[in-house]
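Everything on this sheet refers to the single structure shown next.
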Amino acid sequence: MSARVEAIGQRGTGRLVRTLLIVAAVAYVAILVLAPLGGIVWATARAGWSNVTSTLSQPDVRHSYWLTGVITVISVLFTTLFGVLTAWVLTRHHFRGRGLLNALVDLPMAVSPVIVGLMCVLLFGRGGWFEAFFASRGIQVIFALPAMILVTIFICIPFVIREVVPVLHEIGVDEEEAAKTLGASSLQTFVRVTLPSIRWGLLYGIALSTARALGEIGAVLIVSGAIQGQTETATLYIFRAFEERQEPSAYLVALSLAAISICLLVTIETLKKRKARR
Amino acid sequence: MSSEVLPIGRTRTLSPRGLRSGLGRLGLRAGALVYLGGMIALPLSAVITKGFAHGLDSFRSAMAAPGAVSAIRLTIITALVAAVVNAVFGTLLSYVLVRYRFPGRGILSAVVDLPFAIPTLVTGVMLVALYGPASPIGGWFESHGIHIVFAPLGVLLALLFVTLPFVVRTVQPVLSELDVAQEEAAEVLGASRLRTFFQVVLPALRPAIAAGTLLSFARALGEFGSIVIVSGNITNHTLTAPVFIFQLASQFRSDEAAAVSAVLFAMSFALVLITYRLAGNRGERP
Amino acid sequence: MIQESDARLIEAGKTPAVRVEHLTKHFGSFAAVDDVSFEAQEGKITALLGPSGSGKSTVLRILSGLEHSDSGRIWIMGEQLDNRSVQERHLGFVFQHYALFRHMTVRQNIAFGLVVRKESKADQTRRVDELIGLIQLKGLEDRYPDQLSGGQRQRVALARALAPRPKLLLLDEPFGALDARVRQELRKWLDQLHRELGITSLLVTHDQEEALELAHEVIVMNQGKVEQIGTSTEVYNDPRTPFVAGFVGAANVIRGVAINGRVQFGEQFLGGAQHLEDGSAAHAYVRPHDVWVGRESRNGSSSPGRIERMSDLGWVTKLQVRLPDNQLVIADVPNDKLFGLQTDDPVFVDLRKAKVFEPPGAARSDELSVA
């Protein structure tokens with residue numbers, strides 16, 4: 001098949017068109033994506049090693065990394081667990097209202113992060129629907145960790161589901177049925193048969209959610225109040241450093257976030273490919 | 001025989017065992033429903049109720065704020081331009097990735113996915129690092145009268161960066177599943193490569209291209225992180241709708257913020273619904 | 001109901017291994033399985049034969065517990081199973097597309113049923129080794145399914161189903177996904193294996209040759225209903241319904257009208273229509289190798305015709321004979337019985353072995369009018 005694809009790619013108008021198309025594609029991506037990436041690497045490098053040590057020694061910076069880590073871990077765990085459950089229900093159960101559920105999954109993609117933040121304020125902020133309930137129990141939601149986690153979860157919901165649903169469709173129910181006829185319980189079937197089949201899709205979805213959670217700004221900016229050293233995440237720190245004209249620090253933290261996300265995705269892609277080649 | 005095989009989700013057994021598994025199924029289903037309903041539907045209904053609580057009054061008063069109208073106009077125009085550019089270059093990229101084998105193809109494919117990995121705020125920072133006044137490249141453009149950072153062009157670049165993968169990733173699978181035999185048949189019948197592309201390949205890709213384009217448009221409408229850095233948020237010049245909502249919210253004018261949000265959300269939601277129709281309902285596919 | 005069945009069991013003198021009574025299953029308004037009853041004997045292979053969509057796979061899936069019937073009862077080894085879950089039924093199931101666990105090796109696949117039933121490690125190893133020997137895949141234990149050929153995969157699937165020592169083996173089109181030559185080989189192998197193990201088996205297939213060759217008894221199904229139950233010889237030589245006559249083995253259909261216990265087609269007649277009313281439509285089914293062709297009329301049931309085409313298949317020649325009323329009959333004549341017949345020769349065909357039925361369409365409309 002790939003030989004035929006290759007053949008059709010090279011026939012006819014020939015090499016000139018092919019070369020032109022490839023050059024155009026590569027140039028577009030290079031200018032749009034690689035150049036800015038190069039830009040920030042260059043800008044960070046130019047600031048030198050002293051920038052690294054001075055930035056990373058600031059307690060605010062350290063705290064912001066820690067906070068980002070906490071929010072990311074909790075939100076990703078949550079969306080992974082419920083994401084797998086939801087994907088399972090969407091593909092293996094048939095019931096009225098499933099179509100509606102399916103449509104809900106993609107909604108967070110269509111909602112601006114700013115609106116997500118605003119929603120949270122409307123629910124838990126002053127005069128919000130649930131403000132009284134939590135206030136009377138002494139739980140601070142808005143301008144605190146709970147709200148920051150809630151908005152991050154909202155934004156991460158689609159990733160695991162979108163990656164796992166097509167895989168669940170593709171593997172079908174054959175192997176699951178085979179496991180049951182061999183005496184495996186539903187839980188055994190899921191853990192021993194389904195989970196290994198969806199693991200790469202699942203991991204990729206987790207990596208995408210992690211990348212998204214690490215870098216979330218719009219929603220968190222609104223619900224956190226961005227209190228320095230308290231509710232300031234890494235992205236919020238970058239935002240403030242930029243406004244305070246401490247660009248080198250902003251560059252460094254931004255680059256580190258990008259590096260973490262990229263490493264995560266590249267690792268999972270490589271693992272997936274190596275496994276597929278086996 | 002697969003036509004006879006229905007999903008394992010229907011039983012009518014009333015034995016204790018069947019009842020137990022029926023309850024388990026119901027539990028899972030309820031879990032999914034509460035998750036999506038509580039986490040997505042509920043907050044969204046809050047924005048919509050709040051936004052339209054006073055009819056369109058809140059929206060009108062928000063629109064009366066300085067720069068409001070121009071913010072919405074700028075958002076729609078830049079998102080539209082980004083979507084069109086994406087349609088063209090996204091299709092080109094997926095064609096090159098699927099149909100050509102060349103050194104560096106794997107890297108190109110990986111780079112297309114980068115915007116999914118890079119935090120949007122970092123995108124903004126990157127653009128400033130490259131085109132900002134402090135950088136030699138930025139300085140060169142400035143001296144030639146081309147303003148990127150703190151100008152609408154910067155907003156557009158940020159949107160293009162952020163939405164790059166959408167068209168590519170929706171078109172690519174369709175293109176690679178497209179039967180090469182159709183193209184071969186067209187060529188055997190005497191059609192030129194160009195004609196084959198426009199009359200055989202493109203019509204088959206049209207729904208996917210449209211879906212990817214609409215998705216990137218919807219995403220561009222709501223983009224915040226990269227723009228808030230790169231645009232400078234200058235009222236009547238580079239202020240976009242999401243940043244405008246942010247400003248309203250931080251001034252505790254949440255009624256007005258909700259009104260603008262509801263309108264912005266309605267637009268993106270409509271687009272996503274159309275995309276759904278075009279791409280076919282994922283869950284229904286057997 | 002139960003008493004009545006028990007009485008019948010005592011009468012029969014022994015318990016059938018599988019017993020299905022009035023099984024019915026609808027998908028929406030479509031009756032996939034429509035009042036199906038049958039029995040299968042212990043230690044034998046029983047085939048469910050029918051075209052796709054005839055409900056045979058659904059019957060198998062209901063037996064396994066993967067699907068639930070709307071009504072009807074199932075006994076396996078004398079035990080009523082309708083309320084048992086798949087896991088509790090402890091049956092072996094071999095799927096058409098193998099359904100091997102892609103992420104497990106051959107060994108892990110076969111061991112799966114033993115692992116989930118928490119058998120001891122030593123027992124697992126012993127049983128798996130034994131089965132790998134049985135399916136002749138020694139040396140390939142550590143391969144993954146995608147490193148095996150189709151035939152090898154199906155043998156692994158069989159070993160996996162057999163590993164937990166099921167009471168009953170259910171085979172759903174086990175050779176359906178394989179090419180013709182491998183099918184033949186595996187069929188022979190399965191036959192031999194069954195002789196060794198003697199496990200009661202139900203085989204679903206749309207391939208009549210497979211059913212006739214492997215099965216002790218054949219249950220022919222069509223449109224959710226049982227058409228006929230019998231040994232291979234019975235269903236082949238003595239079809240009870242036009243469907244069976246047409247589906248099991250190739251058959252010519254000669255269309256005519258019943259008159260005085262005979263079928264009239266054009267000016268010609270053939271016998272065997274005593275059960276049909278005068279003037280009703282009649283279809284006569286006759287197998288190509290049961291058609292006698294010669295230069296002279298043998299008796300009253302011979303009809304004149306003309307040879308239109310001859311194709312030599314090596315040991316037998318296929319003749320296309322045009323009858324006077326323009327219907328076509330195919331005859332398989334052994335080459336040593338041709339006696340120099342040529343294309344365009346006028347001949348007589350003897351159709352006395354034909355089975356006469358009411359046309360299937362007519363029977364159906366009758367049923368509908370009764371309902």
Practice task
Return the tail of the calculated pair distribution for chain B, meaning the percent of Cα-Cα pairs more than 26 Å apart.
Solution key: 59 percent
Problem - Alpha-carbon centroids, region B:13-92 and region A:72-91: separation in whole Å - result: 18 Å
Completion exercise
Both in Å, the radius of gyration and Dmax of the C-alpha trace of region C:219-272 are 13.4, 39
Practice task
Report the extension gain between residue C:257 and residue C:209 in nm, rounded to one decimal, defined as 0.36 nm multiplied by the number of residues separating them, less their alpha carbon distance.
Solution key: 14.1 nm
Handout entry: Sequence-separation-based contact order of chain A, relative, with Cα cut under 8 Å and 6+ spacing, percent
Key = 27 percent
Practice task
Per DSSP H run of n ≥ 4, the term is -39500 (n - 2.57); total these for chain B, divide by its residue number, and report the mean residue ellipticity at 222 nm rounded to 500 deg cm²/dmol.
Solution key: -23500 deg cm²/dmol
Practice task
Excluding residues on the same chain fewer than 8 positions from residue C:337, give the lysines whose Cα lies under 20 Å from its Cα.
Solution key: C:318, C:353
Exercise for the section: For residue C:336 paired with residue B:34, estimate the spin-label separation in nm (one decimal), with each label point 7 Å from Cα along the Cα-to-Cβ line. Expected result: 8.2 nm
Practice task
Find the Rg to Rh ratio for chain C, where Rh is the Kirkwood radius over alpha-carbon pairs and Rg uses the same atoms.
Solution key: 1.06
Completion exercise
Restricting to Cα pairs under 8 Å and 6 or more apart, the percent relative contact order of region B:159-259 works out to 30 percent
Exercise for the section: List the relative contact order of region C:181-313 as a percent without decimals, with contacts defined as Cα pairs under 8 Å and 6+ residues apart. Expected result: 14 percent
Fill in the blank from the handout: Counting as exposed only GluC sites (Glu not before Pro) in DSSP loop states with no more than 11 other Cβ atoms inside 10 Å, the longest exposed-site-free span of chain C is C:1-266
Practice task
Sort C:231, A:86, C:317 so that the residue with the fewest other Cβ atoms within 10 Å of its own Cβ comes first and the one with the most comes last.
Solution key: C:231, C:317, A:86
Exercise for the section: First measure r as the distance between the Cβ atoms of residue C:188 and residue C:80, then evaluate 1/(1 + (r/R0)^6) with R0 = 30 Å and state the FRET efficiency to the nearest 0.05. Expected result: 0.25
Fill in the blank from the handout: Semi-axes of region C:1-153 from the Cα gyration tensor (sqrt of 5 times each eigenvalue, largest first, whole Å) come to 34, 20, 14
Fill in the blank from the handout: Residue by residue through region A:249-257, the couplings from Karplus 6.51 cos²θ - 1.76 cosθ + 1.60 with θ = phi - 60°, in Hz, x for Gly and Pro, are 5, 4, 4, 4, 5, 4, 4, 5, 5
Problem - Two-decimal log10 I(q)/I(0) for region C:104-208, as the Debye equation yields it once each C-alpha is a single scatterer, q = 0.13 Å⁻¹ - result: -0.46
Handout entry: Least to most buried among C:275, A:94 (fewest other Cβ within 10 Å first)
Key = C:275, A:94
Practice task
Compute the separation of the alpha-carbon centres of region A:17-62 and region B:140-183 and state it in Å as a whole number.
Solution key: 18 Å
Completion exercise
Hydrophobic long helices for chain B, i.e. whole DSSP H runs reaching 15 angstrom or more by Cα along the axis with Kyte-Doolittle mean at least 1.0, come out as B:68-99, B:105-117, B:120-131, B:152-177, B:202-222, B:254-279
Completion exercise
Bridge orientation stat for the protein assembly as shown from DSSP, antiparallel percent rounded to 5, came to 75 percent
Exercise for the section: Kindly state, as a whole number, the per residue volume in cubic angstrom of the convex hull around the alpha carbon atoms of the protein assembly as shown. Expected result: 246 Å³
Fill in the blank from the handout: Over its alpha-carbon atoms, region C:11-85 yields an Rg and a Dmax in Å of 12.4, 40
Practice task
Round to the nearest 0.05 the FRET efficiency obtained for residue C:35 and residue C:165 when R0 = 30 Å and r is the Cβ-Cβ distance.
Solution key: 0.35
Problem - Net charge dipole size for the protein assembly as shown [Lys, Arg +1 and Asp, Glu -1 on Cβ; Debye, nearest 20] - result: 2120 debye
Practice task
Pop a pseudo-label 7 angstrom from the Cα along the beta-carbon direction at both residue B:251 and residue A:132 and give the gap in nm to one decimal.
Solution key: 3.0 nm
Handout entry: Longest DSSP-loop-exposure-free segment, trypsin sites (Lys or Arg not before Pro), chain C, at most 13 other Cβ within 10 Å
Key = C:139-294
Completion exercise
chain C: longest segment with zero exposed chymotrypsin sites (Phe, Trp or Tyr not before Pro), where exposed means DSSP loop plus at most 10 other C-beta atoms within 10 Å, is residues C:1-314
Completion exercise
The residues B:252, B:217, sorted from fewest to most surrounding Cβ atoms within 10 Å, come out as B:252, B:217
Handout entry: Estimated D of region B:142-219 in µm² per second, where Rh is the Kirkwood radius over Cα pairs and Stokes-Einstein applies at 10 °C, 1.306 mPa s
Key = 106 µm²/s
Exercise for the section: Largest first and to the nearest Å, give the Cα extent of region C:133-193 along each principal axis. Expected result: 30, 27, 19
Fill in the blank from the handout: Here D for region A:125-211, in µm²/s, from Stokes-Einstein with a Kirkwood Rh over Cα pairs at 25 °C and 0.890 mPa s, works out to 154 µm²/s
Problem - 26 Å Cα-Cα reach of residue A:180 towards lysines, excluding residues that sit fewer than 8 places from it in its own chain - result: C:25, C:44, C:56, C:118, C:121, C:167
Practice task
Could you please report the charge total around residue C:104, scoring K, R as +1 and D, E as -1 over all other residues with beta-carbon less than 12 angstrom from its beta-carbon?
Solution key: +1
Handout entry: Computed [θ] at 222 nm, deg cm²/dmol, chain C (DSSP H ≥ 4; -39,500 (n - 2.57); rounded to nearest 500)
Key = -8500 deg cm²/dmol
Problem - Rounded FRET efficiency, nearest 0.05, which uses the C-beta distance separating residue B:80 from residue C:179 and R0 of 56 Å - result: 0.55
Practice task
Can you check what the net charge comes to around residue C:198, using other residues whose Cβ is under 11 Å from the Cβ of residue C:198 (Lys, Arg +1; Asp, Glu -1)?
Solution key: 0
Problem - Percentage, to the nearest whole number, of Cα pairs in region C:171-233 over 17 Å apart - result: 40 percent
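Bear in mind these aren't lab numbers, they're just calculated from the coordinates by the rules spelled out. Not measured: the values here are computed from a predicted model. For neighbour counting, all protein chains shown are included, and Cβ atoms are generated from backbone atoms with ideal geometry for every residue, glycine included.
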